[in-house]
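Visitor: Structure incoming, see below.
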Amino acid sequence: MAQLYFYYSAMNAGKSTSLLQSSYNYRERGMNTLVMTASIDDRYGVGKVASRIGIESDAQVFNSSDDLVAMISKVHTQKPLHCILIDECQFLTKEQVKQLTYVVDILDIPALCYGLRTDFQGELFSGSQYLLAWADKLVELKTICHCGRKASMVVRLDGEGRAMREGEQVAIGGNESYESVCRKHYRELIWD
């Protein structure tokens, strides 16, 4: 029985590494996977999922208007799929998360989604909100704050390395733009 998984964390917890390892494990056993990622995040090139430790894979990109059932069904017809792996799943829409439930429940293909739970203002992303509500399995991947506590929040940094309190929800960036921190340090930087 296929299930919908949501692997979530703050930045730098190894989400992409875990996704790539899972895809490798399926493929090593002769099974077909479809790796997908949001078109909005092209830091490593269009159609790439890459990890900070240096591993990468080609990926099919999606944007907010794409029908995931149609995209996945097309590939599944050409070669039977054993698993769908989605990076940057926080950028999924409510409708796309609903489409993934169809892929899992009707097409019987497991879907493993990896992404951030909240943005730099502590608010849920749309994809994360509905994955938290509808996924069969929720798995938190952990990373640490500079103080050694579990980091569960993300702070966006300006050009001088200062925490930002306002701005657009989505601004693509890596370590130069974001820092994962514990709630205590998030409170000191953003809420207080």
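No value in this document is a laboratory result; all are computed from the given coordinates. None of these values were measured; they are calculated from a predicted model. Note that each Cβ is placed from the backbone with ideal geometry, even for glycine, and that neighbours are counted across all protein chains shown.
Visitor: Go through the range 122-190 and name the GluC sites (Glu not before Pro) that are in a DSSP coil and have 13 or fewer other Cβ atoms within 10 Å of their Cβ.
Guide: Glu123, Glu160, Glu166, Glu168, Glu176
Visitor: I would also like to ask the following. What order do you get for Met71, Met31, Met153 when you list them from fewest to most C-beta neighbours inside 10 Å?
Guide: Ascending number of Cβ neighbours within 10 Å: Met31, Met71, Met153.
Visitor: Angle, helix 68-78 long axis vs. longest principal axis of the chain, Cα atoms, 0 to 90°, nearest 10?
Guide: For 68-78 against the chain, the angle is about 40 degrees.
Visitor: Quick check for me: using +1 on Lys/Arg Cβ and -1 on Asp/Glu Cβ, what's the dipole size of the range 8-60 about its Cα centre, in debye to the nearest 20?
Guide: Values: 6 positive and 5 negative charges, 26 e Å.
My answer is approximately 120 debye.
Visitor: Then there's this: Which is farthest toward the positive dipole end of the range 4-141 among Tyr7, Phe62, Thr93, measuring Cα position about the Cα centre, with Cβ charges +1 (Lys, Arg) and -1 (Asp, Glu)?
Guide: Checked the options; the winner is Tyr7.
Visitor: Could you give the dipole magnitude of the range 59-100 about its Cα centre, charging the beta-carbon of Lys and Arg +1 and that of Asp and Glu -1, in debye to the nearest 20?
Guide: Details: 4 positive and 5 negative charges, 36 e Å.
In total the dipole reaches around 180 debye.
Visitor: May I ask for the net charge around Pro80, where only other residues with Cβ less than 14 Å from the Cβ of Pro80 are counted and Lys, Arg are +1 while Asp, Glu are -1? If you can, show how the numbers build up before the last one.
Guide: Details: positive: Arg27, Arg29, Lys74, Lys79; negative: Asp108.
Around Pro80, the charge tally is +3.
Visitor: Report, in debye and to the nearest 20, how large the dipole of the chain comes out about its Cα centre when Lys and Arg carry +1 and Asp and Glu carry -1 on their Cβ.
Guide: 580 debye
Visitor: For the chain, what does the alpha-carbon gyration tensor say about shape, rounded, prolate or oblate, given a ≥ b ≥ c as the root eigenvalues, a/c under 1.5 as rounded, and a/b over b/c as prolate?
Guide: prolate
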